[in-house]
1. Looking only at residues in the range 497-512 that are surrounded by fewer than 24 Cβ atoms within 10 Å (Cβ to Cβ) and among the aromatic types (F, W, Y), which one is nearest to the chain's Cα centre (by Cα)?
2. Restricting attention to the range 175-199, and to residues there that are part of a helix (DSSP H, G or I) and of a type in the set (S, T, Y), which single residue is farthest from A133 (Cα to Cα)?
3. Can you say whether G101 is within 30 Å of E329 (Cα to Cα), free of Cβ contacts under 8 Å to residues at least 12 places away in the same chain, assigned by TED's automatic domain parsing to the domain that holds R57 and not basic (K, R), as far as the supplied structure shows?
4. Would you say S767 is surrounded by fewer than 16 Cβ atoms within 10 Å (Cβ to Cβ), out of contact with any helix residue (DSSP H, G or I) (no Cβ under 6 Å at 6 or more places or on another chain) and at pLDDT below 95?
5. Could you figure out which of (1) surrounded by 24 or more Cβ atoms within 10 Å (Cβ to Cβ); (2) free of Cβ contacts under 8 Å to residues at least 40 places away in the same chain isn't true of R94?
6. T551 is checked against (1) closer than 21 Å to F407 by Cα; (2) touching a helix residue (DSSP H, G or I) at 6+ places or on another chain (Cβ under 8 Å) and fails just one. What number does that condition carry?
7. Look at the range 587-625 and say how many of its residues are out of contact with any strand residue (DSSP E or B) (no Cβ under 6 Å at 6 or more places or on another chain) and over 25 Å from Y511 (Cα atoms).
8. Which condition does R424 not pass, out of (1) in a helix (DSSP H, G or I); (2) farther than 22 Å from L572 by Cα; (3) among the charged types (D, E, K, R), if it passes all the others?
Amino acid sequence: MKSPTILKNEYKYWEITKDLIDQCIDIMLNLRQSGHPGGSRSKVHAMVATLLSGAMRWDIREAGKRFADRFILVAGHCNPVVYATLAVLNESLRIKFKQTGDSKYQNFKGPDFQLVWEDLLTLRQNGGLPGHAEMEGKTLFFKANTGPSGHGSPFAAGAALALKFSGVSDVKVFAFEGEGGFTTGASHETINSAWGLGLGNLVYFLDWNDFGIDDRPFSSIVYGGPEDWFGSHGWHVEGVNDGEDWDEITKAYHRLLINHSNSNVPKVIYSKTRKGRGYHVYDSKSHGAAHKRNSELFWKTKKDFSDIYNIDFESFGEVASETWEGQLEQATSMFNTVFKVMSDNQEYVDYLADRLIEMGESVPNEIKSCKVKPAINTNGNSIFDLNTLPDDIFAKPGEKLPNRVGFSKYASYVNTSFEEEYGRPLVLAMSADLADSTNLSGFAKGYNSSPDKGLFDKEKNLNSPLFPQGITEFTNAGMMAGVATVNFSEDAYASFNGYYGAASTYGSFSYLKYGPLRLFSQIAQDSNLKVGKFIWVVGHSGPETAEDSRTHFGIFAPGVTQLFPDGHIINLHPWEHNEVAPSLTAALQTEVPIIAIHLTRPPITIPDRKAMNIASHLDASKGAYIIKDFDHGEKKGVVIVRGTSSTNSLIQILTQIKKDNINIKIVAAISWELFNRQDKQYREFVIAPDEWHDSMIITNGSIKLMQNWISNFMVKKYSLAPDHDNKWRTGGSVDQIIAESHLDPDSLLNGIKKFVQDRSKRLLFKSN
């Protein structure tokens, strides 16, 4: 960053840039009559100072540079200020390229990745600029999808963590927020986590304008100011009482990033502003609605500009056209007038274009300390080969272990093996003070003779991939999703090379992770920059968490892991220890970005599959397999079973089923998503087309969450699940709750017998 003394010579250009951005915001929103003018207007000085001072190292020509600083708009509704800023800056490059023909002024990825003023005409239209921040195409400057209040904070901290852990903590993450969005729980979780993890490369810019949507100041409901909010949490705080004073902003940035910088202390700069600055409507009234199209107040904002630059808007004072085409023509004319101020000022064009090139060239191509070597393709690694899984991560028949221990072993194997080969772990993980309980700690345990790494410590233990957290499920999810968006590949548009993120909590609390992962799913779908994977450990699922009672165990657990488009998530329900590794391996082999593995707490006896003539545990990788096939004689239906307690009870009555000559097929349902990926021949071998109607479900979760496996009403009617009576279960011992859930061996046997006895009635319903 340049010193404030040198930057003083540039403020006159910044002032012009600010005025152009203001006008772009106004015209864009006047046309679309949708968006957020107030907060966008109040952040213009902050944007210009951040992007032109050198505080942020970035390249407007290439959003995918590995070692460029990252920008996350936590105040996602303020994207008009970002759109307008990029449009103004890019226009200087377009002018310079036309003048010189020099390719250095062009976007390296082409026009599809360059946001220009013509794009402002498409705000909030299908296929145009989105209504909130999205990381895609022309808006790859954003390094996360944001908009829901507070959701961007954990993403920013996660990206900073990935950079710090990789040995490139000089690469910073800039997070822009207002004091209203900062009141969210996610933001407060994040500032605690950022201090604890020593994220000195995380830089907040807080626009302190005291107003949000409602007609009351935040200072009337929230005590103190940024010094109290951040300083009390150990952050380095610098402030500006006049958010329109260029010199004060740059001096604050210089103190923050240069004079008093501490690599382990997260940073915030606040700027006291007026919401709606220069818009002639202020505070809450400026938040969510533009001036009426071509209204008196709108033209007043144009007159302010005209008076400064001695220009005339061709249509000044005219009413809006009644047609969209006419409105577009008016807006285009106004944009041309605004940008004539730029094109007529060659000195300004030269400064702005060359300053942008200077900043782009300041981004290093290589950083020797980076632990993530660019040649590695994580998706092609041999650890995701079923045939190479070592025997010692599996338990022997007769051992009594929970499936969560199987997860711990696999996690240890993956990270240790990856580090041995590449010098760094693959998966970074954090849990809500539950690392051992949910066995997420396996990612920090040494495999075979490798030593355990313990918990990360910002001063004493920098190499552990397991990060200590408080009760911060939401932030954990967002941070680990943020980790998985940081791509160190030499061609981030073609492949991902970075870290996967993993986080855990109880299954019944999984809803706390849904918000950030919904955004991560959108990024994975739409972003041109490839992202990694997120492993979602849904721990302590089902009625097996009995002793914790109904407040904790996973009956009626929110089925949020199913609320994603097809191809965005793979749900895994291994019923025993040895199914964890094969199912996870198969899931990680796919291109799917989110893997949700549902684990249970109590130990169960590992079955002797060979003696019981059950398919290998490796077949869990296929999503479903046959536990017991039909015997000779008339077939009586198919039992589809999912979950630990339910399958374990069913295994206990296999002998009785055979003794009673109950001719059923039993299918283990591990993962609908993996099963659906198998070829038609295998799927029909496991469950033939005509068998779907002749089936019942046994599950340790809500029957509502088995909809993919249920073909008709009668299947559901004869199914067995803990929510059989649509009531909350009580608490007690595991055996007591399993019985209350009707998942004990006797209940299953009786339910299967009824299913078989009523077969004619069930099939009659099908024929009708």
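The values are calculated or read from the model by the stated rules, or taken from the named source; none is laboratory data. Computed from a predicted structure; not experimentally measured. In this analysis, Cβ positions are derived from the backbone assuming ideal geometry, glycine residues included, and neighbour counts consider all displayed protein chains.
1. Within the range 497-512, the match that is nearest to the chain's Cα centre (by Cα) is Y511.
2. S193
3. Criteria met by G101.
4. yes
5. Among (1) surrounded by 24 or more Cβ atoms within 10 Å (Cβ to Cβ); (2) free of Cβ contacts under 8 Å to residues at least 40 places away in the same chain, R94 violates only (1).
6. Result: T551 fails condition (1) only.
7. Of the residues in the range 587-625, 16 are out of contact with any strand residue (DSSP E or B) (no Cβ under 6 Å at 6 or more places or on another chain) and over 25 Å from Y511 (Cα atoms).
8. Every listed condition holds for R424 apart from (1).
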